[in-house]
Structures are given as structure tokens and as C-alpha cells.
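These notes concern the structure reproduced below.
The values are calculated or read from the model by the stated rules, or taken from the named source; none is laboratory data. Small disclaimer: the values here were computed from a predicted structure and weren't measured. Accessible surface is based on the protein model in full, side chains and every heavy atom, while ligands, DNA and RNA are left aside. Shrake-Rupley method; radii C 1.70, N 1.55, O 1.52, S 1.80 Å.
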Amino acid sequence: MAEIIQEEKAKGGKKKAKKHPPHIDMTPMVDLMCLLITFFMLTTAFSKAKIMEIVLPEKLETPDEQRSAVAESRNVNIILGPDNRLFWYPGAVKPADYNNNIFPPLVELDYSATGVRQLLLDKNKTLARKIKEFQDKVLTGEIVLTQDSVVGSIRKLKSDDDTGPFVQIKAYKEANYGNFVDILDEMNICGIGRYMFVDITWYEEKMVELATGKATLATSN
């Protein structure tokens, strides 16, 4: 704080105040800097970036290789549609079908707990049970592991799983980034071991347009 010292001297019967240069006391500032440094150190440690693990298999060159790599019964195609709409269909579309304009119907879902989450949980029951049994053994002390070892073991269960769904996430040209984040959250919540992001095909765009009525409007015009 600035401190001004005034002295009064008599001169000619009058009193005159003499001002000394201001003195700044820096002691309170030192205390404040220590508090700020401590605050920033703590908040920096608590605000580490959260990283979501994404399992990406090796890229397959053709649709035939994709179909042969994973059983069609495990294949789940999720399409992010326009206007926050969400669609899915199982298996794969055969070339003989889409070349003749024969497409499977899309099933519309939403991002609620009874929508896409329920679908993924139903498809992932076996892996979810294995993970829960492992976590219960860790909690009861039957298995003693460090936190990093627990995370690694769960990752190993996911990579070794051969019963859960293989989810292919595709985005229609009018999908938004918010839906992309939402579906990532659902993959994490449901413990999906294998999912990947692939480009939407021309026939899947046609399927979305048929489901939303855009193809009918385009044809009528």
C-alpha cells in the first residue's frame, strides 16, 4: 500500500506539509502470488484431458473383405442421419441386392437409454457380463491388481471378445458433430469392444433418403 508521510513545519507563522515519495509495501503481494501459484498447480493437475479410447481394426480394402472378416450376425451398422435422427440395420447389403436397388429397411432409434443404448447392451450381453464379473472380483479382493492393471485387463477382455457386436458408425452428409460425440459416449457406456468409423456408401445414403422421405420427394420433382 502506498504510504505518504507528511511533516508540518512552521515557517513565517504558517504550517506547511512536506510530502515524502510514496512507499509501496509488497508484502501482501507476495502472499497473494503464493496463493495463486498453489491454485494454478492444483487446478492444472485436476484438469487433465480426458481421452476416449477408440479401437480401430485394420482397414479392409473391399466390402467383401469386411463381410468375411466379421460374421454378419455380429455386424451392426449405425448411421447418423439428418435432423438428429439415428438409424441402424444388421448384417450387410449384398452387391446383388444394391445393384438391383433392393435395400434392407432402416430401423430408427434415438439417443435415449431405451434407444441405441438398449440395442448395444442387448448385443453386448456376454462381454458386459465378463467385465462385471471381473470388476466384482477386484472389488471383493479375490483379484488384487493396481488401477492400471485393471484397465489393461478390461482392455484385454474387449480385444479377445469374439461374441460382441462389431459396430460400424457412418455419418450421412447432413449429420452434425454433436451426434458424433453422443454415439461415442454410447460406445463407452455400453463397453463396446470393437467399433470403427467408416465412410457411408452410396446405397446407405439412398437407404437414409428412403427412410426420411427425401428420395420420394426428389423423384416426384
Checklist entry - What part of the accessible area of region 83-221, given as a whole %, is carbon or sulfur when the probe is 1.4 angstrom? => result 53
Next on the checklist: Could you give each residue of region 132-149 its phi-based ³J(HN,Hα) in whole Hz, using Karplus coefficients 6.51, -1.76, 1.60 with θ = phi - 60°, and x for Gly or Pro?
Outcome noted: 5, 4, 5, 5, 5, 5, 5, 5, 7, x, 5, 10, 10, 9, 6, 4, 5, 5
Next on the checklist: Let me check something: with ligands and nucleic acids excluded, how do F134, F40, F87, F197 order by accessible area (1.4 Å probe), largest to smallest?
Outcome noted: F40, F197, F134, F87
Checklist outcome for this item: Whole-Hz Karplus couplings 3J(HN,Hα) for region 29-34, θ = phi - 60° and coefficients 6.51, -1.76, 1.60, Gly and Pro as x, run 5, 4, 4, 5, 5, 4
Checklist entry - Going from most exposed to least, what order do L139, L157 have by accessible area with a 1.4 Å probe? => result L139, L157
Next on the checklist: From the alpha carbon gyration tensor of region 96-221, can you work out the equivalent ellipsoid semi-axes (sqrt of 5 times each eigenvalue) and give them in Å, largest to smallest?
Outcome noted: 38, 14, 12
Item to check | Cα Rg, Dmax, region 144-194, angstrom units | outcome: 14.4, 49
Checklist entry - Residues of region 65-169: accessible area per residue at 1.4 Å, in Å²? => result 57
Checklist entry - What is the set of long-range amide H partners of L86 at a cut-off below 5 Å, with H atoms built 1.01 Å from backbone N? => result G81, L109
